[in-house]
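All remarks here apply to the structure that follows.
Each reported figure results from applying straightforward, stated rules to the coordinates on display, with no laboratory input. Treat the numbers as computed from the prediction; the structure is a model and nothing was measured. All Cβ positions, even for glycine, are placed from backbone atoms using ideal geometry, and neighbour counts span all protein chains on display.
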Amino acid sequence: MESESEAMKLSEKYPICGGELESKQVEKLLRGGGNTVSMRVSAEVCLHCGERLYPENVVKVFEQIRNKLCKQEFSHFKNLVKSCTVDGDWLNEAIQPVAQTTNYHPRG
């Protein structure tokens, strides 16, 4: 039978690569309906491969945010800056524009 400390150590490993997990504040970008939201969120980050694990309740909030963005519902969002992409005639064909986005412009 496994001791509590052994069970704790197993849960501190990323299940795919076995790397150590560390709790960190990370930047998360969510996209929906041509809009993007940036936020800081707590995650368990694998120190080997960099993958992130989010608690189930946080993932549910991500889904709610994406749904609001897709429906163009901008309550609880703060407009920070206008975003841009490169022109299609950029000098290097390896650099390409992203799909045209819709920018949110608050009234008033």
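The phi torsions of segment 69-80, fed into the Karplus equation with coefficients 6.51, -1.76 and 1.60 and a -60° offset, translate into couplings of 5, 4, 8, 6, 9, 10, 5, 6, 10, 10, 6, 9 Hz, rounded to whole numbers, with Gly and Pro shown as x. A simple count of charges around Tyr14, restricted to other residues whose Cβ falls under 11 Å of its Cβ and scoring Lys, Arg +1 and Asp, Glu -1, yields -3.
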